[in-house]
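Peer 1: So that we are looking at the same thing, I have put the structure below in structure tokens.
Readers should treat all values here as calculations from the given coordinates under stated rules, not as data from a laboratory. Since the model is a prediction, treat every value here as computed from it, not as a measurement. Glycine gets a Cβ as well: all are built from the backbone with ideal geometry, and neighbour counts include every protein chain shown.
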Amino acid sequence: DTEVTQTPKHLVMGMTNKKSLKCEQHMGHRAMYWYKQKAKKPPELMFVYSYEKLSINESVPSRFSPECPNSSLLNLHLHALQPEDSALYLCASSQGFGGLHEQYFGPGTRLTVT
Amino acid sequence: AQSVTQLDSQVPVFEEAPVELRCNYSSSVSVYLFWYVQYPNQGLQLLLKYLSGSTLVKGINGFEAEFNKSQTSFHLRKPSVHISDTAEYFCAVSDQGGGFKTIFGAGTRLFVKA
């Protein structure tokens, strides 16, 4: 199984809502990532978890809160988002935490904040 | 710190013609290099990677890339493209010095015309 799954595929939320994005992989990968991708732009790294511990936080606003309950699951909790947070949110995983490991991406959650 | 420059934002090409997507990088240390493809409404998928060894790297879907250290380039090529190759292509770099971030280029939109 070389798949990273993400749910939901689409999400529309108001600025006062609380929602969560979910990501799952069963490849035994020990690093997991959240990226934000705006239209016609490359992915921007938000968070990296390595061995279920937060290793990188790219100065992301606190309205985004990551969580790694176990080695297969990664969540992104959303609260009080702004319209400019509308984007495609990509989850990825890699075998290890280091530059030589390619990343496996999920299909993304398209988020619209109204 | 590394950086990646993809010299063409869009490349239109006719079906069955050859194509080259250009990528140059900048880094003070040795690097690993990757090409990822993103089809519409999907996540990124690895096409090929250069870690070490032979400078000519073959990937999936008939793509190949050549690492040129003196020119700090990693151009992607395909001898004959298909309509189905229409997608966004991202060149990416990470350093061999223990850095954990993968830096993505801005992307090149390959548009294959019939």
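Peer 1: In which sequence would B:Tyr50, A:Tyr89 go, from the one with the fewest C-beta neighbours within 10 Å to the one with the most?
Peer 2: Fewest-to-most ranking of B:Tyr50, A:Tyr89: B:Tyr50, A:Tyr89.
Peer 1: Show me, for the stretch B:32-46, the HN-Hα J-couplings you get by feeding each phi into the Karplus relation (A = 6.51, B = -1.76, C = 1.60, θ = phi - 60°), rounded to Hz, glycine and proline as x.
Peer 2: Residue by residue, the stretch B:32-46 yields 9, 10, 9, 10, 10, 10, 10, 7, x, 6, 10, x, 8, 10, 6 Hz.
Peer 1: Once you sort the root eigenvalues of the Cα gyration tensor of the stretch A:11-114 as a ≥ b ≥ c, which label holds: rounded (a/c under 1.5), prolate (a/b larger than b/c) or oblate (the other case)?
Peer 2: Note, shape of the stretch A:11-114 comes out prolate.
Peer 1: On to the next question. In whole angstrom, note down how far apart the Cα centers of the stretch A:1-61 and the stretch B:64-114 are.
Peer 2: The stretch A:1-61 and the stretch B:64-114 have Cα centres separated by 23 Å.
Peer 1: OK, next. Which pairs in the list B:Lys78/B:Lys113; A:Lys53/B:Lys101; A:Lys18/A:Lys40; A:Lys19/B:Lys101 are over 18 Å apart, alpha-carbon to alpha-carbon?
Peer 2: Check vs 18 Å cut-off fails for A:Lys18/A:Lys40; A:Lys19/B:Lys101.
Peer 1: Using only the Cα atoms of the stretch A:45-91, what do you get for the radius of gyration and for Dmax, in Å?
Peer 2: Rg and Dmax of the stretch A:45-91, Cα atoms, are 11.0, 33 Å.
Peer 1: Give the residue from A:Gly106, B:Ala114, B:Val93 lying farthest towards the positive end of the charge dipole for the protein assembly as shown; charges sit on Cβ (+1 for Lys and Arg, -1 for Asp and Glu) and the dipole is referred to the Cα centre.
Peer 2: Ranked along the dipole, the leading option is A:Gly106.
Peer 1: With only alpha-carbon atoms in the gyration tensor, what are the semi-axes of the equivalent ellipsoid for the stretch B:51-98, in Å, largest first?
Peer 2: Calculated on Cα positions only, the semi-axes equal 23, 13, 10 Å.
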